[in-house]
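Following: one structure in structure tokens, then a few remarks.
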Amino acid sequence: MHIRRVYFAAEVVISAQFGRAADGDDGMITLRINGEARNIDGPGDMPLLWALRDILGLTGTKFGCGIAQCGACTVHVDGKAVRSCLLPIGSIGDRSVTTIEGVGATPGGRRVQQAWLDLEVVQCGYCQPGQIMSAAALLAATPNPDDTDIDSAMAGNICRCGTYVRIRAAIKKAAQSG
Amino acid sequence: MPKDSTTSSPGSLTTPLSRRVVLKAGAAAGGGLLLGFHIPFAAADAVAGVFAPNAFIRIGRDGRIVLVMPQAEMGQGVYTSHAMMLAEELDAAFDQVAVEASPPSDALYTNPILGLQATGNSNSIRAFWIPLRKAGAGARAMLVAAAAQTWRVDPATCHTESSQVIHDSSGRKLAYAALVALAAHMTPPADPPLKAAADFKLIGKPLKRLDTPDKVNGKALYGIDAMPTGVKFATLAACPVFGGKVGRVDDGAAKAVPGVRQVLVLDDLVAVVGDHMWAAKQGLEALDITWDEGPNAAITTEEVWRQIKAASDNAGATAKTVGDVDQALADGEKYEAVYQLPFLAHAPMEPINCTVHVRPDGCDVWAGCQVQARGQAIAAKLTGLPLNKVQFHNQLLGGGFGRRLETDGIEKAVRVAQRVNGPVKVVWTREEDIRHDLYRPVYYDRLTASLKDGKIAGWNHRITGSSVVARWLPQGYTNDVDFDAVDSAVDIPYDIPNLRVQYVRSEPPAVPTGFWRGVGPNNNVFAIESFMDELAKKTGKDPVAFRRDMLGKVPRLQAVLDLATQKAGWGEALPPRVGRGVAAQVAFASFIATVAEAEVDENGEVSVRRMVCAVDTGIVVNPDTVVAQLQGGLIFGLTAALHGEITIAGGRVQQGNFNDYRMMRINEAPEIEVHLVDSGEAPGGIGETGTTAAPPALANAIFAATGIRLRKLPIDRDILAGKKPA
């Protein structure tokens with residue numbers, strides 16, 4: 001039971017799912033982010049991560065690797081956890097984007113943030129927006145996750161400070177408080 | 001639009017008061033003073049509504065208490081523990097305090113152990129244990145004096161609690177906020193008395209961290225989040241071969257990338273500046289660069305090992321000698337083993353970055369830095385500006401681990417910014433971060449011992465490796481010995497009558513080396529605790545009993561060894577291919593015993609099931625933080641042991657991102673138990689201790705599970721699978 005191997009191919013699925021924006025799809029793009037319509041003056045193939053951070057100033061979403069290996073850039077698109085570093089803004093359309101700045105407005109997101117504070121999960125904190133977004137998406141889909149569910153949902157999020165023990169406990173606590 | 005952070009205080013968790021107070025304190029103290037107690041401007045600032053008795057405390061008329069943090073917050077919880085130490089002696093209500101990053105100043109914020117403003121070596125609590133409490137106690141004494149004068153009573157008849165002065169007999173109270181103006185006129189005490197440990201109200205309690213609420217909602221500002229108005233975004237590439245230069249660059253395609261503004265070709269690097277990181281990244285990828293690879297283009301990992309092995313044939317400098325080692329080794333049966341550790345990158349989750357605005361008359365720098373004053377100094381040197389024209393805004397660090405003890409990222413960013421009109425944020429790609437680190441050195445340790453009556457009679461430990469200290473803190477390199485490289489070896493806890501520790505400095509060809517979480521003890525604890533297990537096996541003794549019998553003079557370590565092994569169920573039956581391994585260490589002035597439980601499958605895959613750790617770190621400031629640091633430190637050490645290796649071919653690093661420089665993930669993470677021992681001893685260090693503890697405990701557990709001894713990290717799964725010899 002201690003060996004939990006997770007082969008997470010989620011990132012590959014994510015990029016295939018959204019595809020690449022068509023060439024020449026430049027100009028103003030409007031996205032629904034944290035419930036607001038936001039205009040982005042950038043090329044359609046620009047990953048959402050950079051639009052959030054560099055154009056909209058929503059710096060809570062973090063850059064860690066740029067190749068969907070670390071999960072620091074995780075946001076929600078229609079409630080599902082997605083790596084924003086590989087998601088072209090031209091492919092999102094009218095789907096709803098939620099970032100760490102907005103997830104606290106949802107009951108599930110608030111519960112996760114509170115559990116994170118109650119158990120003092122955070123150390124440097126740089127990966128934690130991504131961890132929290134992944135955890136909130138997990139709980140939305142699986143309200144009472146077991147260890148295997150947690151491994152599957154969270155193995156794409158690296159924490160260099162090594163807060164995994166507390167992340168696992170906090171997800172269970174958030175589930176119980178739901 | 002990008003939000004403007006130029007008007008706020010980056011790294012601060014508060015709306016800051018004026019920096020003027022602290023900067024003036026710097027001028028008044030004149031340098032070299034740990035505490036600016038006798039600061040004559042206090043009255044003047046009280047007029048402005050602030051009581052600032054020293055460089056660490058500012059109390060406003062509104063009751064706000066701002067505590068200025070001398071050390072960088074990089075996840076270790078130092079903002080909270082240092083605030084607790086100040087607030088304890090100040091008797092401040094902890095829910096009224098706010099913390100703020102210190103400005104760069106080696107004079108005001110020197111780490112007394114390291115001799116400069118630096119956060120490292122797990123010594124934040126040890127270094128500031130007395131100074132910060134004195135700062136709090138001194139401020140408290142001035143507030144008491146002010147209240148006593150107001151009431152015309154003897155200060156000795158007053159006490160303090162929760163940010164108030166209270167007159168014992170009458171019960172009259174004055175809030176600190178009401179005393180701000182008068183307190184500034186009181187004489188600061190030269191040597192204020194400190195509380196006895198029994199009187200602590202905050203120290204020892206698991207208080208909530210001050211920095212975490214903003215870290216769960218996206219508001220916390222790291223270096224990479226600086227957004228001064230009009231900022232441009234840049235990324236860069238240095239020659240992939242260490243020491244190489246730029247040859248020829250064709251930037252035609254890069255300049256055609258939408259959003260690219262500038263292509264900068266410097267002597268040793270190329271940078272692309274754009275409207276956003278996406279433009280900069282795409283522009284960099286579109287460049288056609290021919291590098292002048294220089295003399296290091298043939299270097300390989302094999303060559304690095306060949307050189308260090310050859311260097312270790314020299315006896316080197318003697319760092320410590322006790323008894324007659326040569327005689328003792330000649331008398332008994334002699335055992336020898338060699339242990340090796342690889343290059344490692346730091347790979348903090350926040351890639352190296354720095355935002356700089358260079359103007360003719362000044363410069364602003366935003367970065368997350370473990371050496372703030374050095375960061376400021378490098379910017380001043382490059383720009384030719386005086387220090388006081390360089391504003392260095394230290395931000396939260398998205399991981400440090402020693403990487404941000406270096407200023408190379410700041411240096412490169414300033415050089416880029418000198419060629420950009422307006423502020424520019426320089427962010428390295430993860431690949432650049434991995435390939436242009438200053439690496440944890442490779443180490444080659446030869447251990448030789450003889451046994452007599454089931455104990456060690458003679459011991460020779462020859463450590464061969466790069467000296468980071470010789471470059472970074474030259475005064476720490478004396479008589480050809482690097483104090484860090486021999487740390488935890490010269491003070492080996494076991495009672496060995498004839499002992500010698502030798503140090504051979506051997507710099508790897510071209511590969512730069514730096515401090516990496518766990519520093520010297522990483523190497524020494526791995527070698528010593530692995531060898532101890534091998535010697536136990538030779539004597540036929542249980543590894544715990546073998547160690548325990550030689551720890552009579554170090555009862556604190558003996559006690560945690562007993563506790564950890566008891567909690568771990570040492571000696572209890574385990575399934576096949578599962579083993580327990582132990583490691584004991586005195587490192588960073590903390591006493592720690594660790595038991596790892598690991599399973600090895602037929603393919604050589606290792607699964608760490610459980611880690612149990614017992615810790616005596618003296619007086620604990622925040623016990624929850626100590627537990628968190630052990631949990632995280634163990635994961636950091638396990639990551640290195642299971643996955644960590646930087647290799648060199650063609651003079652360049654072969655890894656580049658988390659796909660080939662792997663980190664432990666949650667599905668691999670074991671259960672972790674940390675048991676703290678109550679102690680009244682002076683505080684020890686804790687941030688790096690888990691990292692040093694995990695690798696030898698794991699290697700010993702693998703031996704217990706398989707009978708295979710791994711003397712080189714990271715673990716070689718082919719050896720464990722029987723595909724190649726150990």
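Values quoted throughout were computed directly from the atomic coordinates according to the rules given, and no laboratory measurement underlies them. Source: prediction; values computed, not measured. Quick reminder, even Gly has a Cβ in these numbers, built from the backbone with ideal geometry, and neighbours come from all protein chains shown.
Odds and ends about this structure:
- Gap separating the Cα centres of the range B:663-678 and the range B:134-189, nearest whole Å: 46
- With a Förster radius of 35 Å applied to the C-beta separation of A:ASP149 and B:ASP542, the computed FRET efficiency comes to 0.30.
- Taking θ as phi - 60° and the Karplus parameters 6.51, -1.76 and 1.60, the scalar couplings of the range B:261-269 work out to 10, 8, 10, 10, 10, 9, 4, 10, 8 Hz in sequence order, x denoting glycine and proline.
- Rg/Rh (Cα only; Kirkwood hydrodynamic radius) as it applies to the range B:435-516: 1.06
- Extent along principal axes [Cα atoms of the range A:32-178; Å; largest to smallest]: 41, 28, 23
- Expected-Rg normalisation [2.2 N^0.38 Å, Cα atoms] applied to the range B:468-539: 1.26
- A viscosity of 1.306 mPa s and a temperature of 10 °C, combined with the Kirkwood radius over Cα pairs in Stokes-Einstein, give a translational diffusion coefficient for the range B:20-215 of 95 µm²/s.
- Seen against the Cα atoms of chain A and their longest principal axis, helix A:128-141 is set at about 80 degrees.
- Site pair B:ASP191 and B:LYS219 shows an inter-label distance of 4.4 nm when each label is modelled 7 Å from Cα along Cα→Cβ.
- Evaluated over the Cα positions of the protein assembly as shown, the convex hull gives a direction-averaged projected area, one quarter of its surface, of 37.5 nm².
- Fully extended contour minus Cα-Cα distance, from B:THR478 to B:ASP718, at 0.36 nm per residue: 82.2 nm
- Between the residues A:GLN128, B:LEU341, A:ILE158, the greatest Cα displacement towards the positive end of the dipole of the protein assembly as shown, with unit charges on the Cβ of Lys, Arg, Asp and Glu, is found for A:GLN128.
- A simple rule links phi to the HN-Hα coupling: the Karplus curve 6.51 cos²θ - 1.76 cosθ + 1.60 with θ = phi - 60°, which for the range A:86-101 gives 10, 9, x, 5, x, 9, 7, x, 9, 5, 8, 9, 10, 10, 4, 5 Hz, with x for Gly and Pro.
- Legend: ranking of residues B:THR539, A:THR74, B:THR157, A:THR59 from fewest to most surrounding C-beta atoms inside 10 Å; resulting order B:THR157, B:THR539, A:THR59, A:THR74.
- Between B:ARG359 and B:ASP549, the simple spin-label model (points 7 angstrom out along Cα→Cβ) gives 7.3 nm.
- Gained length - B:GLU605 relative to B:SER169, 0.36 nm times residue gap less alpha-carbon distance: 149.9 nm
- Burial ordering of A:THR98, B:THR160, fewest other beta-carbon atoms within 10 Å first: B:THR160, A:THR98
- Ascending count of other beta-carbon atoms within 10 Å, so fewest first, for B:ARG709, B:ARG500: B:ARG709, B:ARG500
- Here A:LYS172 is the anchor, and the aspartates and glutamates within straight C-alpha reach of less than 13 Å, apart from those fewer than 8 places off in the same chain, are A:ASP118, A:ASP146, A:ASP147, A:ASP149, A:ASP151.
- Cα Rg over Rh - the range B:418-576, Kirkwood: 1.12
- Convex hull volume per residue, computed on the Cα atoms of the range A:103-176, equals 74 Å³.
- Hydrophobic, long helices, defined as DSSP H runs whose alpha-carbon span along the helix axis is 24 Å or greater and whose mean Kyte-Doolittle value is at least -1.0, occur in chain B at B:124-151, B:519-539, B:623-643, B:689-706.
- With both residues required to sit in chain B, DSSP beta bridges show an antiparallel share near 75%.
- Over the range B:539-587, the pair-distance histogram of Cα-Cα distances with 5 Å bins from zero comes to 4, 18, 30, 23, 15, 6, 3, 0 percent, rounded to whole numbers.
- Short to long, the 5 Å bins of the Cα pair-distance histogram for the range B:576-633 hold 4, 16, 23, 21, 13, 11, 7, 4, 1, 0 percent of all pairs.
- Label positions at B:LYS255 and B:LYS452, each projected 7 Å from the Cα along the C-beta direction, are separated by 7.9 nm.
- 24 Å Cα-Cα reach of B:LYS455 towards lysines, excluding residues that sit fewer than 8 places from it in its own chain: B:LYS320, B:LYS334, B:LYS537, B:LYS538, B:LYS541, B:LYS553
- For chain B, the orientation-averaged shadow of the C-alpha convex hull comes to 33.2 nm² (one quarter of the hull surface).
- When the P(r) is computed for the range B:194-268, the part past 15 Å accounts for 76% of the Cα-Cα pairs.
- Fraction of the pair-distance distribution of the range B:264-368 above 23 Å, Cα-Cα pairs, percent: 64
- Amide H contacts of B:ALA184 (H built 1.01 Å from N, in plane; Pro and chain starts excluded): no residue 5 or more places away or on another chain comes under 5 Å.
- Cα-only radius of gyration and Dmax that characterise the range B:234-291, units Å: 10.5, 32
- Annotation: lysines with alpha-carbon distance below 26 angstrom to B:LYS201 (same-chain offsets under eight excluded): B:LYS134, B:LYS173.
- Degrees, to the nearest 10: A:164-176 long Cα axis against longest axis of chain A: 90
- Where only DSSP H runs of four or more residues are counted, chain B gives -9000 deg cm²/dmol as its mean residue ellipticity at 222 nm, each run worth -39500 (n - 2.57).
- The angle separating the long axis of helix A:107-118 from the principal Cα axis of greatest extent in chain A is about 50 degrees.
- Across the cross-link table entries A:LYS80/B:LYS219; B:LYS255/B:LYS389; B:LYS452/B:LYS712; B:LYS412/B:LYS712; B:LYS245/B:LYS412; B:LYS281/B:LYS381, which are compared at the Cα atoms, the separations over 25 Å belong to B:LYS255/B:LYS389; B:LYS452/B:LYS712; B:LYS412/B:LYS712; B:LYS281/B:LYS381.
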